[in-house]
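Q: Just dropping this structure here.
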Amino acid sequence: MSHQTVIVLDFGGQYNQLIARRVREQGVYCEVKPCTTPLAELKARNPIGIIFTGGPGSVYDPAAPQADPELFRLGVPILGICYGCQLLAHNLGGRVAPAQSDTAREYGKTATHFDPDCKLFHGLPAESVTWMSHGDYMETVPDGFRLTARSAACPNVAIADEARGFYGVQFHPEVNHTEHGAAMLRNFLYEICGAAGDWTMEDYKERAVRRLREKIGDGRVLLALSGGVDSSVAAALLAEAVGPQLTCVFVDHGLMRLNEGDEVEAAFSQWDIRFIRVNTEERFLSKLSGVTEPEGKRKIIGEEFIRVFEAEAKQIGRVDYLAQGTIYPDVIESGAGDAAVIKSHHNVGGLPDYVDFKEIVEPLRMLFKDEVRQLGRELGLPEYLVSRQPFPGPGLAIRCIGEVTKEKLDMLRRADFIFRDEIAKAGLAGTMDQYFAVLTNLRSVGVMGDGRTYDYALALRSVTTSDFMTADWTRIPYEVLDRVSVRVVNEVPHINRVLYDITSKPPATIEYE
Ligand code: XMP
């Protein structure tokens, strides 16, 4: 039996993945499909509901993305958001027009009045704040629809044809600025689409294990394990499904954080799998010796990684399936723009070219990052593995400015551990998205005891971000920074100065190299 499915039809809006995540958070499976997806393909998914997303276009622009009119005859409830709402109105006989400057163009938090008799707003207060971002508005609404919400500037913030199950909102229920947005989506899913809430991670795990067993049969699977969340969870899922047929190659390049390699190894000892940890610290460090240029370091590490993996794969012999930890945001196809772009993401760059295998298995392809973490917990991976922050493939080499040496890496590992430890003790770990230490190449004079020191400066970096494309530096309380600083200079020889990085991205990047 498969899950009930809601389709999020993507018209190119900026919050489309967020809509899908919000739907799944309500226990309903959904998929994002480009608005150009053929009707037959959408019908084949047998959706219980369809959500039209927002988008940058204007429905009266001939080049704007359109919906197949047949969608309105499927008998499936539709919720149109922003552009999706205008599209609904436009297609069913209403009139959409550009808002005159001060009349109905709205942006930002907007006090909104709702009709609580509308199913979409059942059980919610009659007044609350919504998040608007639209330049067009509905001049006239189609026959059969009524107005179900208004703001001071706009009489038709929401429309509904409850007999046909069509609802449109000009605002964005998926963003947190809309006070009761989650409840509105819940109403759409449960009251209007009749969702059963059959999307749970426990259930997903069981189905995924079953599917993997069917697909893989008695084939052999090879996975390159980086120690990051995605490849670890992919490995755990495969271990559960086809343990004895699975080989995980964990290339420990010696550029991991304190104890990280041992933690990864320990986590996988619970399964009956072939776990190969290749300790290649010396090999990597000798290749990196004398290299100071950031891109040079990255290139060397990427290439060596592939060489090591290749050598291991050859020794293993027969491989039928190569597994990868690709996740849903990496494969969602965009619904707008001239060309649909599909990103193909490799956790470890460029792997498949040199290993002889039948097929790639990507067991996390349909999951968002937070779902991957949940699945990891469901599979019994320890919390420190599943909740870990992003860690770059080149590891500490790009956080150790200048030449990378074992001595410098060891200093950095200890200092980085102290920083993470103090953040955890202060209960702040959940409030920042990425935080780490960087060993700068700056040496300066200090005084310790009665003696002069001439040692390294450590930089602390912490950012708050939702997409890692832009980021703000985190306002860590001074007392916490102070504890880190005191511990680092006392516990880590040859660091005599601690700096806190107060640069956002842009203009800085998150990592230093
Ligand atoms: P930047 O430094 O570009 O980093 O602002 C953005 C995010 O990407 C991570 N990052 C990497 N992740 N391989 C990875 O898997 C890499 O080579 C790499 N470089 C940067 C970085 O940690 C941050 O989360």
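The values are calculated or read from the model by the stated rules, or taken from the named source; none is laboratory data. What you see is a predicted model, and the numbers here were worked out from it, not measured in a lab. Ideal geometry is used to build each Cβ from the backbone, glycine not excepted, and the neighbour counts take in all protein chains shown. Heads up: the accessible areas ignore ligands, DNA and RNA and are worked out on the full protein's heavy atoms, side chains in. Shrake-Rupley method; radii C 1.70, N 1.55, O 1.52, S 1.80 Å.
Q: In the structure shown, do any of 43/119; 369/408; 408/505; 215/358; 287/505 have a Cα-Cα gap over 22 Å, and if so which?
A: Over 22 Å Cα-Cα: 43/119; 369/408; 408/505; 287/505.
Q: Express in nm, to one decimal, how much length is gained between residue 315 and residue 25 on full extension, taking 0.36 nm for each residue of separation and deducting their alpha carbon distance.
A: 100.1 nm
Q: When only Cα pairs under 8 Å and 6 or more residues apart are kept, what is the percent relative contact order across region 144-219?
A: Values: 57 pairs, mean separation 10.1, N = 76.
13 percent.
Q: Taking 0.36 nm per intervening residue step and subtracting the Cα-Cα distance, what contour gain separates residue 164 from residue 278 on full extension?
A: Gain in length upon complete extension: 35.0 nm.
Q: On to the next question. Of all accessible surface on region 393-455 at a 1.4 Å probe, what whole percent is carbon and sulfur?
A: With neighbouring chains kept in place, the figure for region 393-455 is 52 percent.
Q: Report the antiparallel proportion of the DSSP beta bridges in the chain as a percent, rounded to a multiple of 5.
A: On the way: 38 of 78 bridges.
The antiparallel proportion sits near 50 percent.
Q: Counting alpha carbon pairs within less than 8 Å and at least 6 residues apart, what relative contact order, in whole percent, applies to the chain?
A: Numbers: 1025 pairs, mean separation 56.8, N = 513.
Across the chain, relative contact order equals 11 percent.
Q: For the chain, what is the mean residue ellipticity at 222 nm derived from helices alone (per DSSP H run of n ≥ 4: -39500 (n - 2.57); sum divided by total residues; nearest 500 deg cm²/dmol)?
A: -9000 deg cm²/dmol
Q: So which trypsin sites (Lys or Arg not before Pro) in region 417-513 pass both tests, a DSSP loop state and at most 13 other Cβ atoms within 10 Å of the Cβ?
A: Working: sites: 420, 425, 443, 452, 461, 475, 483, 487, 497; in loops: 475.
Listed in order of number, the matching sites are 475.
Q: Let me ask something additional. Run the dipole for the chain about the Cα centre, Lys and Arg Cβ at +1, Asp and Glu Cβ at -1, nothing else charged, and hand back the magnitude in debye, nearest 20.
A: Value, rounded to 20: 400 debye.
Q: Shifting gears a bit: Taking every DSSP beta bridge that has both residues in region 401-513, what percent is antiparallel when rounded to the nearest 5?
A: 75
Q: Now for a different question. State the three equivalent ellipsoid semi-axes of the chain, derived from the C-alpha gyration tensor as the square roots of 5 times its eigenvalues, in descending order and whole Å. Intermediate results must be reported in sequence, preceding the final value.
A: Values: eigenvalues 442, 181, 75 Å².
Rounded to whole Å, the semi-axes are 47, 30, 19.
Q: Also, quick follow-up: If amide hydrogens are placed 1.01 Å from N in the peptide plane, which non-local residues have theirs closer than 5 Å to the one on residue 171?
A: Under 5 Å from the amide H of residue 171: 82.
Q: For residue 33, which aspartates and glutamates qualify as cross-link partners when the Cα separation must be under 12 Å and same-chain residues fewer than eight apart are set aside?
A: Leaving aside aspartates and glutamates fewer than 8 places away in the same chain, those within reach of residue 33 are 10, 41, 333.
Q: Continuing with the same structure: Could you go through region 308-313 in sequence order and give the Karplus-derived ³J(HN,Hα) for each residue, using 6.51 cos²θ - 1.76 cosθ + 1.60 with θ = phi - 60°, rounded to whole Hz, and x for Gly and Pro?
A: 5, 4, 4, 4, 5, 4
Q: Taking amide H positions as placed in the peptide plane 1.01 Å from N, state which residues far from residue 327 in sequence (5 or more) or on other chains have amide H under 5 Å from it.
A: HN-HN under 5 Å from residue 327: empty list.
Q: Given +1 on the Cβ of Lys and Arg, -1 on the Cβ of Asp and Glu, and no further charges, what dipole in debye does region 445-499 carry about its Cα centre, rounded to the nearest 20?
A: 80
Q: For region 205-303, take the convex hull of the Cα atoms, compute a quarter of its surface area, and give me that in nm², please.
A: Directional mean of the projected Cα hull area for region 205-303 stands at 7.2 nm².
Q: For region 344-481, what is the convex hull volume of the alpha-carbon atoms per residue, in Å³?
A: Given the Cα convex hull of region 344-481, per-residue volume reads 182 Å³.
Q: Residues of region 110-130 with amide nitrogen under 19 Å from the 7 Å Cα-to-Cβ point of residue 176?
A: 110, 129-130
Q: Any idea of the accessible area per residue across region 127-232, 1.4 Å probe, to the nearest Å²? Kindly include the intermediate steps, with their values, before the conclusion.
A: On the way: 4080 Å² over 106 residues.
On a per-residue basis, 38 Å².
Q: Using a Debye calculation, one point per C-alpha and no hydration shell, please list log10 I(q)/I(0) for region 1-74 at q = 0.18, 0.22 Å⁻¹ in order.
A: -0.71, -1.01
Q: Ranked by accessible surface with a 1.4 Å probe, highest first, in what order do 448, 366, 184, 469 come?
A: Descending order: 469, 448, 366, 184.
Q: Can you list the HN-Hα couplings for region 66-71, worked out from phi with the Karplus curve (6.51, -1.76, 1.60; θ = phi - 60°), rounded to whole Hz and with x for Gly and Pro?
A: The phi angles translate into 10, 9, 5, x, 4, 4 Hz.
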